[in-house]
1. Please specify each residue of segment 133-145 satisfying the condition of being surrounded by fewer than 24 Cβ atoms within 10 Å (Cβ to Cβ), free of Cβ contacts under 8 Å to residues at least 60 places away in the same chain and part of a helix (DSSP H, G or I).
2. Do you know which residues across segment 227-237 are out of contact with any strand residue (DSSP E or B) (no Cβ under 6 Å at 6 or more places or on another chain) and either of a type in the set (A, V, I, L, M) or open to solvent by less than 30 Å² (accessible area, probe 1.4 Å) (or both)?
3. Looking at segment 209-236, I want the residues that are closer than 20 Å to Glu37 by Cβ and touching a residue at least 24 places away in the same chain (Cβ under 8 Å) and have a partner that is in a strand (DSSP E or B) and open to solvent by 10 Å² or more (accessible area, probe 1.4 Å) with Cβ atoms under 7 Å, at least 6 apart or on another chain. Which pairs are those?
4. Just for segment 36-52: of the residues that are farther than 20 Å from Glu253 by Cα and among the charged types (D, E, K, R), which one is modelled with the lowest pLDDT?
5. List the number of the failed condition for Glu212; all other conditions in (1) in a strand (DSSP E or B); (2) open to solvent by less than 30 Å² (accessible area, probe 1.4 Å); (3) of a type in the set (D, E, K, R) hold.
6. How many of the residues making up segment 1-35 are at pLDDT 65 or above, of a type outside the set (A, V, I, L, M) and either closer than 21 Å to Gln159 by Cα or surrounded by fewer than 16 Cβ atoms within 10 Å (Cβ to Cβ) (or both)?
Amino acid sequence: MLVRYATRYPQRLAGALARDPVGVWDTVQDRVAQSREQRRPPWIYKADPDWEAKLHAAIGAPWPCDDTQAFRALWPRVVADVTAHGVRVGPASFNGFNDGDAALVRAIWCLVCHLSPSQIVETGVAHGFTSRFILEALEQNGAGHLSSIDLPPLDSTMQRQIGMAVEPHLRPRWSLTLGSSRRCLATLLEALGAIDIFVHDSLHSERNVRFELDLAWRYLRPGGALVVDDVDSNWGFKSFLDAHPLGRAIVAEAEPVRPDFRRFNNKGLFGIVLKPNVQATVR
């Protein structure tokens, strides 16, 4: 893999090795693990068509939800803002990776609106749609902070697009760390002490999913939520639930801006796990 990339982009790779050799090595290890995992038949997850009503019931929030309607009004405006810069959004639009889709981001939006979290951690930013809506919801709440980790692509053009959906007035509530979650996540979580919501949207290998979820679960407050994008791409969500059977899990179908033909349903799936034992405070 590294040899092929070096043949196609020798200057780009040389620059990355000079700036961050450990980061390049992290990427190589994750890619090798991912390629080995893909030899295993996929786990077949079943999406719940009533996931929104069940999510709201699980956190004690009303359904139908006024915040969902507010999301539906804002979503197309944010997409239009990014595409107005000549940037393609949606599946495979950020260095081969997907932007957060409308269903995933709507689920996170409602969790933030209803749970009134003080600390949210996100891995994987890309164009920043998920980040933008988390920050919009925190601003609406009047409290809370988002800490994001993103491993920049080697392409400098793509690096400049990281978080472009996040408007300047929202950035005081946002901390962005550039690097791999394997190097940065533990330090961040230890500094925060406890978190209310964790969003995994970085490399979707079982190795990486389990590393992030197992670590985040230890810092997640009871009543908090883990949100995991692209669960259908590996066994990580399944194996995590097997290891933590008390978590309340929901699997939902994605709503990409156009079909994603790499996925079994042309859409993809995401998952949510709610940590039990304390009643969530909702508005």
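The values are calculated or read from the model by the stated rules, or taken from the named source; none is laboratory data. Note that the structure is a prediction, hence the values are computed from the model and not measured. Cβ sites come from the backbone with ideal geometry, for glycine too, and all protein chains shown count toward neighbours. All accessible areas refer to the heavy atoms of the entire protein, side chains included, with ligands and DNA or RNA removed. Shrake-Rupley method; radii C 1.70, N 1.55, O 1.52, S 1.80 Å.
1. Leu138, Glu139, Gln140, Asn141
2. Of the residues in segment 227-237, the ones out of contact with any strand residue (DSSP E or B) (no Cβ under 6 Å at 6 or more places or on another chain) are 230, 233-236.
The answer is Asp230, Asn234, Gly236.
3. Val231/Val251
4. Glu37
5. It is condition (1) that Glu212 fails.
6. 10
Per-residue answers, yes or no, for (1) out of contact with any Phe, Trp or Tyr (no Cβ under 8 Å at 6 or more places or on another chain); (2) among the acidic types (Asp, Glu):
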position: Ala225; (1), (2): no, no
position: Asp230; (1), (2): no, yes
position: Pro245; (1), (2): yes, no
position: Phe264; (1), (2): yes, no
position: Val273; (1), (2): no, no
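A quick yes/no check of all residues on (1) in a loop (DSSP other than H, G, I, E, B); (2) closer than 22 Å to Pro42 by Cα; (3) open to solvent by 10 Å² or more (accessible area, probe 1.4 Å):
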{"site": "Arg182", "(1), (2), (3)": "no, no, yes"}
{"site": "Glu190", "(1), (2), (3)": "no, no, yes"}
{"site": "Leu203", "(1), (2), (3)": "yes, yes, yes"}
{"site": "Trp217", "(1), (2), (3)": "no, no, yes"}
{"site": "Ala225", "(1), (2), (3)": "no, no, no"}
{"site": "Pro245", "(1), (2), (3)": "yes, yes, yes"}
{"site": "Ala249", "(1), (2), (3)": "no, yes, yes"}
{"site": "Pro259", "(1), (2), (3)": "yes, yes, yes"}
